[in-house]
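Comments concern the structure below.
Computed from the coordinates by the stated procedures, all read-outs in this text should not be read as laboratory data. Small disclaimer: the values here were computed from a predicted structure and weren't measured. We place every Cβ from the backbone using ideal geometry, glycine too, and count neighbours over all the protein chains shown.
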Amino acid sequence: MGIVSWLVLGLIAGIIAKVLLPGRDPGGIVGTTLIGIVGSFIGGWLSTKILHRPIPKDFGEPSMWIASIAGALVLLIAYRLLFGNSRERR
């Protein structure tokens with residue numbers, strides 16, 4: 001997979017994670033893309049280390065999408081636990 005594919009996968013995984021966990025998080029397309037990309041790496045790492053299932057290199061492989069979305073969800077939950085709702089209105 002090339003860099004553009006990782007960016008597209010990260011963007012889509014980040015958007016899906018934000019849809020599943022709505023709220024005030026680092027916003028915008030850049031924040032969503034970064035959460036998705038880092039989440040993709042976290043999901044791939046967790047999949048290979050904990051589940052002993054390597055992530056295939058095919059862009060359309062469902063296990064890669066599931067791992068990427070799960071990683072983005074883990075990242076969003078960790079962000080909320082660490083920083084709470086830091087953008088709350090006063």
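Full extension of the chain between Leu46 and Ile77 gives 9.6 nm of extra length, using 0.36 nm per residue less the Cα-Cα distance. Peptides 12-23, 33-44, 61-72, ordered by how many other C-beta atoms sit within 10 Å of their residues on average, highest first, read 33-44, 61-72, 12-23.
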